[in-house]
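S.K.: Just dropping this structure here.
The values are calculated or read from the model by the stated rules, or taken from the named source; none is laboratory data. These numbers were taken from a predicted model, which means no experiment stands behind them. For neighbour counting, all protein chains shown are included, and Cβ atoms are generated from backbone atoms with ideal geometry for every residue, glycine included. Keep in mind that these areas ignore ligands, DNA and RNA; they rest on the heavy atoms of the full protein, side chains included. Shrake-Rupley method; radii C 1.70, N 1.55, O 1.52, S 1.80 Å.
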Amino acid sequence: MASTAPLLEDLPMEEEEEEGRRPPLNRALLHRSSANNTSQVAMVGSNPCPIESLDYEMIENELFDQNWRTRSKADQVRYVVLKWTFCFAIGILTGIVGFVVNLAVENVAGFKLEAVSALMEASSYWTAFWVFAASNLVLLLLASSITAFVSPAAGGSGIPEVKAYLNGVDAPNIFSLRTLAVKVVGNIAAVSSSLHVGKAGPMVHTGACIAAIFGQGGSRKYGLTCRWLRYFKNDRDRRDLVTIGAGAGVAAAFRAPVGGVLFALESLSSWWRSALIWRSFFTTAVVAVVLRLFIELCGSGRCGMFGQGGLIMYDVSTMFDDLMTYHLKDIPTVILIGVTGALLGALYNLLMEKVLRVYNIINERGGAHKLLLAAIVSIITSCCVFGLPWLAPCLPCPAAGPLSSAPDGTCHELNRFRRFQCPPGHYNDLASLFLNINDDAIRNLYSTGTNDVYHPASMVIFFVASYALGVLSYGVVAPSGLFVPIILTGATYGRLVAMLLGSHSGLDHGLVAILGSASFLGGTLRMTMSVCVIVLELTNNLLLLPLIMLVLLISKTVADSFNSSIYDLILHLKGLPHLDGHAEPYMRQLTVGDVVAGPLRSFNGVEKVGSIVHTLRTTGHHAFPVVDEPPFSPAPVLYGLVLRAHLLVLLKKREFLAAPERYPKEYVAGRFQAEDFDKRGSGKQDTIDDVQQLSPEEMEMYVDLHPFTNTSPYTVVETMSLAKALVLFREVGLRHLLVVPKACDRSPVVGILTRHDFMPEHILGLHPVLLGSRWKRLRWQKGAVAKYFRSLIVWVANIC
């Protein structure tokens, strides 16, 4: 993919002997290269982009300390009020966008499907197909075109990019206003095109975009600046806002406020605190209130085809309460569903990874190939969705009940059942699933008291098609999500399991469908708490809590034995350097001195301008150690760390000294302001080329770096284990970690650790001998399966 470093599985390995002994070490493997060979380019959306690390560290220097001391009590209160005001505004806007997306999908897709149904009832079958296929193709090409040519960062679900950002990885345009607009419009078009994708993932990215725009601190370009807003021009506050926005996106997608908070906590965020929980919960509550308000406004039919059933609420508690019961004898069925969901989820992730690799090769050829791939997937989808219902039998509407026949010959539309090619008084169960938006199809499958509504053959066909189309659809260059298709596929096989068990299970088929969705979510996404709460909020039934908890624990545990979660696999495929929460075992065998790379570039406390310019032009480093030497100190000593962005500000201001001496304190306070060094927005940074040409006389002058140097950077001694350093680096949210020597008679700085120094590609590239000690979960590999199968045969033979 985007990374130029070899994949871990491609690194050279000696085959282990059959007895399982490790091969003898070769001294040549101990050769250590001196440079970090990991790529700093990753796939963001659908295009490769340069990536940078975020810096959540609190900078402490003379200028910033003076700025904090001058802040009044009113400034502090204003800052707190602004944080809560932003949360309220994020909730309002995310709720409005979530409603608009659902409203547009319900009406665009609904109008298309109603037109096709009308043509089918008029026996204009070919015309119905061409209308269906052409409208799908136009909608998907619209979504793919604006994504490929306007904002490639809007492609996909956006959850891997948000997760990487909250882990400390930044990339251009992932939260820009253009990305937000393309994400909303493209997702509406993609979901309305009958593509097997969902709205939840893009809504997470949408909420994060809205929050990140608030965190930009205004815009100098458009004159939208305010002294108050500059408080948020740092990575720490922007990280909090993006976390809150992502949780609000989940709440807007599923009307699940508590689930949104837990989703951001469990799946996205790498750093959390109690104050952030309060603000996130407040924001998701605002989203829930906004959505409820719009639902009431649309309840009387003033929003077209968007009615009381919109905004995904599969309420199974208001009807057939007597069917939502279970007993101890049903536990084996629940265990079976959990194991089945785990196996199907692990296979789903494996196939998704293979397909995405192929799609990436195609998409790298240019915009025309992206559109061609989208067109091919759209045609395949249209043929399956329209063609497969012809294989289903026509079922008569029940004589009484919610599906009883209406005067026009159609079944009552409690669940929007379709006649398709069937005669009056009958319905096509497969068309009722295919020729509906995903929300209505899930609502059909979750309905209780409908055990005899679906034919087993129809369930098999729909499950296979839904499973395959879910794998094929996601890699298309368009805003698309995985959550809803996974829910739909899981609900299908849940009903199928209930049908196969028959009288051996007393569970209602609708309830088993809900458990199937939960197990498939656990098998693919590998989340437990957030998925459990989201499913409960979707179904509005707390009676399901014990069963959903059990099925999620089983599915996640079993699926983890095969591969990683789908989002972790996509992060790896995109080349995003995400730091995991656990340290690999080989990291305990290494010290930070074993991986730190050189050569190290440092500055004196008072440095010549020409030296600074030369270093900035010849290196890409974003921070440099500042070392005081005589006459500013008796011996070389580490003074701190100065950022590249701050050096560029100093060069632009041209406040130079004719002699190597320090600035007077009054001089710094009068010539520099803290806001001059504010962090720019996401993906934006100044370069040395932005500095106007310096004269030869200026190049020979000096800059005092002391007032602008972070005097308390995080440091580790060179003998610290790499595993311990990783915990510090990730938990604090660092961009640079200084390595200092053990002995006092050496240079005060050994090197600087960055995110890429902790990447397995870099570490194992330096020390390939450690490849055999990589972290290994209990996972079933081909060799292990064959070995245990042979052992089982021998054991059975001995018994017999």
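S.K.: Using θ = phi - 60° and the Karplus relation 6.51 cos²θ - 1.76 cosθ + 1.60, list the HN-Hα couplings for the range 558-563 in order, rounded to whole Hz, with x at every Gly or Pro.
M.R.: Once θ is set to phi - 60°, the couplings for the range 558-563 become 5, 5, 5, 6, 10, 7 Hz.
S.K.: I need the calculated FRET efficiency for the pair residue 712 and residue 178, taking r as the beta carbon distance and R₀ as 35 Å, to the nearest 0.05.
M.R.: E between residue 712 and residue 178, to the nearest 0.05, is 0.35.
S.K.: Using only protein heavy atoms and a 1.4 Å probe, report how much of residue 601 is accessible, in Å² to the nearest 10.
M.R.: In the full protein context, residue 601 sits at about 90 Å².
S.K.: Here is a further query. Please compute the modelled spin-label separation between residue 460 and residue 89, points set 7 Å along Cα→Cβ, answer in nm with one decimal.
M.R.: 5.8
S.K.: Taking amide H atoms as placed 1.01 Å from N in the peptide plane, list the residues 5 or more away in sequence, or in a different chain, whose amide H sits under 5 Å from that of residue 749.
M.R.: Sorted by chain and number, the residues that satisfy this come to none at all.
S.K.: Note down the nm distance, to one decimal, between modelled labels 7 Å out along Cα→Cβ at residue 694 and at residue 582.
M.R.: Spacing of the two 7 Å Cα→Cβ label points: 4.9 nm.
S.K.: Once ligands and nucleic acids are excluded and a 1.4 Å probe is used, how much of residue 68 is accessible, expressed in Å² to the nearest 10?
M.R.: Rounded to the nearest 10, that gives 130 Å².
S.K.: So what does residue 699 come to for accessible area, using a 1.4 Å probe and Å² rounded to 10?
M.R.: Approximately 50 Å² for this residue.
S.K.: Residues with amide H under 5 Å of residue 418's amide H, sequence separation 5 or more or different chain, H placed in the peptide plane at 1.01 Å from N; which?
M.R.: Under 5 Å from the amide H of residue 418: 428, 432.
S.K.: Amide H of residue 42 versus every other amide H placed in the peptide plane: which residues, excluding those fewer than 5 positions away on the same chain, fall under 5 Å?
M.R.: 49, 51
S.K.: OK, next. On a full-extension model of 0.36 nm per residue, what is the gain between residue 666 and residue 742, subtracting their alpha-carbon distance, rounded to one decimal in nm?
M.R.: 23.6 nm
S.K.: Only loop residues by DSSP count here, and only those with at most 10 other Cβ atoms within 10 Å; note down the trypsin sites (Lys or Arg not before Pro) in the range 267-299 that meet that.
M.R.: Sites meeting the loop and neighbour criteria: 273.
S.K.: Using a 7 Å offset from the Cα along the Cα-to-Cβ direction at both residue 504 and residue 230, what is the distance between the two label points in nm, to one decimal?
M.R.: So the label points at residue 504 and residue 230 sit 7.2 nm apart.
S.K.: With a 1.4 Å probe and every protein chain left in place, work out the accessible area per residue of the range 412-523 in Å², rounded to a whole number.
M.R.: Counting only protein heavy atoms, the per-residue value for the range 412-523 is 23 Å².
S.K.: Next question, about the same structure. Going 7 Å from the Cα of residue 75 along its beta-carbon direction, which residues of the range 688-724 have the amide nitrogen within less than 20 Å of the resulting point?
M.R.: Counting backbone N atoms under 20 Å from the label point, the list is 707-711.
S.K.: Report, to two decimal places, the Cα Rg of the range 442-566 normalised by 2.2 N^0.38 Å (N = number of residues).
M.R.: Dividing the Cα Rg of the range 442-566 by 2.2 N^0.38 Å gives 1.03.
S.K.: Suppose we look only past 24 Å in the calculated P(r) of the range 116-246. What percent of the Cα-Cα pairs does that tail hold?
M.R.: 42
S.K.: Could you tell me the ratio Rg/Rh of the range 564-672? Both radii from Cα atoms, Rh via Kirkwood.
M.R.: 1.12
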